[in-house]
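Notes follow once the structure below has been shown.
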Amino acid sequence: MRKSLLALAVAAFGIGTSEFVIMGLLPDLAKSFSVSIPKAGVLVSAYALSVTFGSPLIALLLARTERKRALLILMGIFVAGNLLCALAPTYELLLGARVLTALCHGAFFGIGSVVATNIVPYNQRTQAVTLMFSGLTIANVLGVPAGTALGQAFGWRAAFLALIPVGLIALAALYRMVPEQPAEAIALKHEFRAVVRPQVQLVLSLSTISSVALFCVFTYIAPMLEVVTHLSPHAVTWVLVLFGVSITVGNLVGGRLGDWRPMPLVLSGLVLLIALFLAMPLAMPHVVPAVVLVFVWGLIHFGAIAPLQSRIVEQAKGAPNLASTLNQGAFNLGNALGASLGGLVLTAGYGYLKLPFASAAVATVCLVVAVVTVWVEKRDQGQLLTAPATDPR
C-alpha cells in the first residue's frame, strides 16, 4: 500500500513541478521568443484552462480503461508533453505543448485519487489521497525552486528536459508498485447523473471558491513581500520555500483529521482563514509577523481543504473518475479566477494590502457554501433514515 502511494506521489511531484516551474521562467521565455511578459503569462493561464476543460474529456475517454493502465497512459502524455516543451522552436508550439501536458494533470489526479482510496481501509481514505498529493506540495518546496534555478543557469529548456527522467521514474514506479484496478462498467449518462447531484456540485464549488481566496493574494505574494514587507528577492524565495513546507505539513495533517470529521475541519479552517486574511494588512509591514503569518496561512488553508478531494470520490459513487477530475479542474479554475480578481483590485489602484480583504470576502462566501453543504448532507441522511422499509417480497 505504501509503495503504491509513493509511486503516485512521485508522479504528482513531477506534474506539480511542471505546472508551477514556468512561473519563474517567464522572463527568460519572453526574451527567448521576443514576446511580452503578459503574452508569456498566457502559458500559465492556458495550462490552467486545459486542466479545467480538457482533463474531464480525457477522464471520460479513459473511463472504461483499467485504472493502472490509464495512469501509465497519462504519465506517457506527461513525458511527451515536456519533451515537446523543451524542443519547441516557436512560442505557438510551446503553447500547444503546455496544453497537451496539462491534459494529463487533472485526469491523473482524478483517477489517482480513486486508486489511492481503493487500496486503503475506508477510514484512511483521506490520508491516502493526501499522501499522493504530498508529491504536489513537495514540488513547491523542492521541484519548483530547483527547476527555476536550473532554467536560469542553463536556459529554460533545461528545466523541461530535467522533468523527462522524473516522468520516466514515475512510469516505472507506477508499473511496478500500483496494483491493477478494473474500471467501473457504467454508462455515460450515469456519469453525468452522478456529477450533477447537489452534493457533488457543492464540493466542486468549495474547491473553486477556496482556490479563488488563495490565489487572489498568493499570485502577488512575491511583490507584496518586496514592496510592503521590504524583503529582498533572495529572502522572498526563502519565505516561499517556507510556505511550501507549511502547505505540505497542512496537507498531511488535514488528511489525518479529515478521516475523523471532514466537514467540521473545513468549517473551522475557513473561519480561521477569514480571521487570518483580516489580520494580514496589519502583519505584512513587519518582517517577523509577516513570515509567521505566511507559514500559518499555508498550514490552515491546505489542512482545511485536504478532505475535499476524497470527499468528491465518496459523494460521486457512480462516477468517481469524472468527479475527481472535475474537482482538479475546479481548483485550477479557482486559480485563474483568483489571479484575475487580485489583478482587478490592483488595477483599480487599491494596493497590495487590499488584496487580503478581497480574499476574506471570498472565504466568507466559501464558508456559507460549506454550511449549506453540511445542511444538505444532514437533510439527505435524515431522509434516508426516515424512508419506509421496502417489502422484501
Original post:
Taking region 250-267 as the region of interest, how many residues are open to solvent by 60 Å² or more (accessible area, probe 1.4 Å) and either assigned to a helix (DSSP H, G or I) or among the small types (Gly, Ala, Ser) (or both)?
Top reply: 4
Original post:
Between residues in region 238-250 that are at positive phi and residues that are outside any helix (DSSP H, G or I) and surrounded by 17 or more Cβ atoms within 10 Å (Cβ to Cβ), which pairs lie under 9 Å by C-beta distance while being six or more apart or on different chains?
Top reply: none
Subject >> Count of residues meeting criterion [open to solvent by 40 Å² or more (accessible area, probe 1.4 Å), of a type outside the set (A, V, I, L, M) and farther than 18 Å from residue 100 by Cβ] in region 17-65 >> reply: 9
Original post:
How do the pairs read when you match residues in region 346-372 that are in contact (Cβ under 8 Å) with a residue 12 or more places away in the chain with residues anywhere that are of a type in the set (S, T, N, Q), using Cβ under 6 Å and keeping only pairs 6 or more apart or on different chains?
Top reply: 366/210; 369/205
**OP:** Can you tell me which residue within region 332-364, out of those that are under 20 Å from the mean Cα position of the chain (by Cα) and open to solvent by 20 Å² or more (accessible area, probe 1.4 Å), is farthest from residue 49 (Cα to Cα)?
**Re:** 362
Original post:
Here are some residues: 223, 179. Which one is surrounded by fewer than 22 Cβ atoms within 10 Å (Cβ to Cβ) and in a loop (DSSP other than H, G, I, E, B)?
Top reply: 179
Subject >> The listed residue being surrounded by fewer than 24 Cβ atoms within 10 Å (Cβ to Cβ) and at pLDDT 80 or above, out of 93, 74 >> reply: 93
**OP:** Find the residue count for region 115-143, including only residues that are crowded, with 24+ Cβ neighbours inside 10 Å and β-branched (Val, Ile, Thr).
**Re:** 5
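If I ask for residues that are at pLDDT 70 or above and assigned to a helix (DSSP H, G or I), which ones from region 193-203 would you list? Break it down into steps so the answer makes sense when it comes.
From region 193-203, those at pLDDT 70 or above are 193, 195-203; that's our starting set.
193, 195, 198, 199, 200, 201, 202, 203 - these are the residues of region 193-203 that are at pLDDT 70 or above and assigned to a helix (DSSP H, G or I).
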Original post:
Which residue pairs have Cβ atoms closer than 6 Å, lie 6 or more positions apart in sequence or on different chains, and pair a first residue in region 279-296 that is under 14 Å from residue 235 (Cβ atoms) and in a helix (DSSP H, G or I) with a second residue that is open to solvent by 60 Å² or more (accessible area, probe 1.4 Å) and modelled with pLDDT of 95 or more?
Top reply: none
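Return yes when residue 236 is closer than 20 Å to residue 138 by Cα and surrounded by fewer than 19 Cβ atoms within 10 Å (Cβ to Cβ) and no when it is not.
Numbers: closer than 20 Å to residue 138 by Cα: yes; surrounded by fewer than 19 Cβ atoms within 10 Å (Cβ to Cβ): yes.
Yes.
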Subject >> Residue satisfying condition, being modelled with pLDDT of 75 or more, small (Gly, Ala, Ser) and under 30 Å from residue 115 (Cα atoms), within set 298, 318, 255 >> reply: 298
Original post:
Within region 365-374, is even one residue surrounded by 17 or more Cβ atoms within 10 Å (Cβ to Cβ), at pLDDT below 75 and either touching a strand residue (DSSP E or B) at 6+ places or on another chain (Cβ under 8 Å) or over 17 Å from residue 217 (Cβ atoms) (or both)?
Top reply: no
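The values are calculated or read from the model by the stated rules, or taken from the named source; none is laboratory data. None of the values given here were measured: they were computed from a predicted structure. Please note: Cβ atoms are built from the backbone with ideal geometry, for glycine as well, and neighbour counts cover all protein chains shown. SASA here: full protein model, heavy atoms, side chains in, ligands and nucleic acids out. Shrake-Rupley method; radii C 1.70, N 1.55, O 1.52, S 1.80 Å.
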